[in-house]
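Here is the structure we will look at.
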């Protein structure tokens, strides 16, 4: 549950780290993504599920900072900012104060996984997933399939696609649910505001 | 009594001894299983006011006690996992283990979650409870948030069954979702980054022992199996290390340490005493008789201990090895009397001559050990029984057995020894004469005063329990990696009913949650978190009730948010469900790993345990329980330490009282003017031993004080031996002091060797006796006039 989120998160981050696999395309892709350590983008997340009559769509902005984590800022259908950092997951209130979100415990682990990843060792992700790359450096797609039977029973696959930047993430669950996240307007982040820097931790 | 009478008495005594020895042998070896006790906990006194707390300590020790917790560690992930699997297989194939858990059984998330669905409207996570209680709570927004969670939503609990995510949040709070160990490749795995930045994989393997961790046979078999498996593991998967913890390792280490001590103290002191007696009596006969008398004492002591306690503790055994040196004193006195009598030796007359001294000495020893037995420490009681039985039997053997075996006169005590004793006696007696004696006293006091000033004390329980640092380090590493609690501090929550216990746990949990928020506690493990009280469930249910009061509105809210109409209707219709009953939950397989936390209900009401994790500062933990009804922090090490401290205080008072009691006895027997001189050597011996401990920087413990009690008893004996014996040995100046020195050196040899023991308590005990008895034996001649120069 929470851990799966952690895996998925790592998976996304792994994509921007330098991986140690033989696949030339995969390496090119990861090298290319790693050239953008601070990125801003707008996102649209579409979730479909057998339980839902129509897909859920949420929109907002994303700030990703290599080595720190990300700010997931939902603007519609409600406003909420989540800070997903190595140490913890927190909800930011209007004043930028962080309220820790449940599952404080698993975060130490997420943090460790992230740190190893960002130190150039996406081992954790490669241990958990088979990775297949397709396309060209200008238009690529990476498909992560869980190795662990336990997880494969729940999670079908995670697909990342993009060109110069990461353009989308698709998460397919075994129960027929799927989450599609598309990024647009991706650009170098430039400097962080004081609030952003604080939310992502001062490390 | 005639010669025949003597022989008859000896025959009776020998027969009785053989019977006692046979009974002892049967108790030791005839009943299957070793009666040797290695449980460290068994040595500690009952400290908790509530019997339930004492039970809880035992329960926790055994929940973690009768199993090995192993972590297989390797920098290479695949190697670590392969090694763990191989280790699991190797151990599972051995009869030493009842069960081994390495590879997890097949496990289905959906099956795990299903039982909770019926109770989903009664269980709320802490955050949701707080949010729902807010006046401005907007359920529609909570719904939208859950449906739009980044990346994934509704894993484990399907969205249709839990659109608001409440059950999922509650499940995430459960201990199995919070463990740092994750199932990976069907193993429980943690990944750690070492300081150098390299990643290491740790895999958990647990093995349940096929018996008690304190059972000798189980211990040996399990450790041998583990050693074999470890060797194979290192051969097949090089670079793999094995971290281990469990009572079995501590018990084995304690046993090994004690065995080493018994060998060291037993053999060296036996050898030393043998050489000394050979030199002193110049014939092997007396040596054999002295050992015979000691052996009688040891046989009686062991049998009595086994009869009273059913088993014999390691500590008793080590202490018993040292007791040899004191038990041999009685026969030495008798043998010395024979040697001094020369050709005029008559066994019965000799016995009459030493009788007052022996009985006085025996009485002081028995009194000393009886007082030791009054201290409510199982370990000390056992030592006291062992010592009392041993001393009594050794002394009786001098009366019953030895006279028949010592009919013929013997050669006098070695002249070299007598000359040495005489020279020493003269020098000390001269120094202690008249004004010079006062000056000597003053000088000694001045010399000792800074040492007394430097004295500190220490009541740490680890004096009694010396745990190998390597094992402690591994235990710490395992605790860090697995999140297991330390097991020595926990909360005992009591109530009239299970419901009240759970409610009280919840009150405690509120305090603990605050500590976690402040970063002062890592986490805690408690039953109320997994099966909340009915009151809490009713309250949670009541928080949700307004939402479900109007099913049509709820259905609309759900369909507006995007949920399918049939799913919305099914969700609304599932209300109200039923609360989770504690007894039902306790019977589920999910509760199995946590069932030991429930103490059950009995005459004292019901009780449960709450284990705090990641905070070793007792003050913080105690503050959390402060003022909560039915909640108490049980801290066994601290309780034992406090008890040590209290008895250390009593012991110092007792010592003073004993000196004040002996004074009039000596005054009556030796005259009031001579009394201070007779009493001075043991008192000075104690004072100088204390000063030396101060200079050595040894903090005083209860065990030092107990040793000082013995110094007083034994030191007074030496004064008595010298005063009672000197008139009978006037024709051989120095001979009586030579026998006192013999007694002292044998005591020093055995007790002094305890100073090399692996157990800190016995080390302090031995060192104190070494210093105290040594000092007293040297000072004793000062209590008598200078012996005449006319040697025959």
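With respect to the conditions (1) crowded, with 17+ Cβ neighbours inside 10 Å; (2) modelled with pLDDT of 90 or more; (3) farther than 18 Å from residue B:475 by Cβ, residue B:226 falls short on a single one, namely (3).
The residue that is nearest to the other protein chains (Cβ to nearest Cβ), among those in segment B:171-183 that are part of a helix (DSSP H, G or I) and touching a strand residue (DSSP E or B) at 6+ places or on another chain (Cβ under 7 Å), is B:178. Of everything listed in (1) modelled with pLDDT of 85 or more; (2) not assigned by TED's automatic domain parsing to the domain that holds residue B:673, the single unmet condition for residue B:422 is (2).
Assessment of segment B:85-102 against the conditions (at pLDDT below 90, assigned to a loop (DSSP other than H, G, I, E, B) and under 23 Å from residue B:172 (Cβ atoms)) yields no matching residue.
Checking each residue in segment A:138-157 for being within 14 Å of chain B (Cβ to nearest Cβ) and modelled with pLDDT under 85 picks out A:144, A:146, A:147, A:148, A:149, A:150, A:151, A:152, A:153, A:154, A:155. Residues that are surrounded by 24 or more Cβ atoms within 10 Å (Cβ to Cβ) and either more than 26 Å from the chain's Cα centre (by Cα) or closer than 23 Å to residue B:665 by Cα (or both) occur at least once in segment B:339-346.
The rows are residues; the columns are (1) assigned to a helix (DSSP H, G or I); (2) in contact with a helix residue (DSSP H, G or I) (Cβ under 8 Å, 6 or more places away or on another chain); (3) within 26 Å of residue B:447 (Cβ to Cβ); (4) at pLDDT 85 or above.
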{"site": "B:679", "(1), (2), (3), (4)": "yes, yes, yes, yes"}
{"site": "B:733", "(1), (2), (3), (4)": "no, yes, no, no"}
{"site": "B:742", "(1), (2), (3), (4)": "yes, yes, no, yes"}
{"site": "B:769", "(1), (2), (3), (4)": "yes, yes, yes, yes"}
{"site": "B:777", "(1), (2), (3), (4)": "yes, yes, yes, yes"}
{"site": "B:788", "(1), (2), (3), (4)": "no, no, no, no"}
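Scanning segment A:60-71 for residues that are more than 10 Å from chain B (Cβ to nearest Cβ) and not in a loop (DSSP other than H, G, I, E, B), we see that the one that is nearest to residue A:178 (Cα to Cα) is A:61. For the criterion of being away from every other protein chain (no Cβ under 14 Å), touching a helix residue (DSSP H, G or I) at 6+ places or on another chain (Cβ under 6 Å), surrounded by 14 or more Cβ atoms within 10 Å (Cβ to Cβ) and modelled with pLDDT under 90, residue B:597 passes.
The single condition among (1) farther than 27 Å from residue B:605 by Cα; (2) over 34 Å from the mean Cα position of the chain (by Cα); (3) outside any helix (DSSP H, G or I) that residue B:531 does not meet is (1). Applying the criterion of being within 7 Å of chain A (Cβ to nearest Cβ) and touching a residue at least 12 places away in the same chain (Cβ under 8 Å) to the residues of segment B:156-170, the residue that is surrounded by the fewest Cβ atoms within 10 Å (Cβ to Cβ) is B:156. With respect to (1) within 40 Å of the chain's Cα centre (by Cα); (2) in a helix (DSSP H, G or I), the lone exception for residue B:555 is condition (1).
For segment B:196-220, a residue qualifies if it is in a strand (DSSP E or B) and within 14 Å of another protein chain (Cβ to nearest Cβ), and the qualifying residues are B:199, B:200, B:201, B:202, B:203. The residue that is farthest from residue B:145 (Cα to Cα), among those in segment A:115-137 that are in contact with a strand residue (DSSP E or B) (Cβ under 7 Å, 6 or more places away or on another chain) and at pLDDT below 55, is A:121.
Flag set for residue B:193, criterion: free of Cβ contacts under 8 Å to residues at least 24 places away in the same chain and within 14 Å of chain A (Cβ to nearest Cβ). Every condition in (1) in contact with a strand residue (DSSP E or B) (Cβ under 8 Å, 6 or more places away or on another chain); (2) surrounded by 23 or more Cβ atoms within 10 Å (Cβ to Cβ); (3) closer than 21 Å to residue B:377 by Cβ is met by residue B:710 except one, and the failing one is (1).
The values are calculated or read from the model by the stated rules, or taken from the named source; none is laboratory data. It should be emphasised that the depicted structure is a prediction, and the values quoted were computed from it without experimental measurement. Note: ideal-geometry Cβ built from the backbone for every residue, glycine included; neighbour counts use all protein chains shown.
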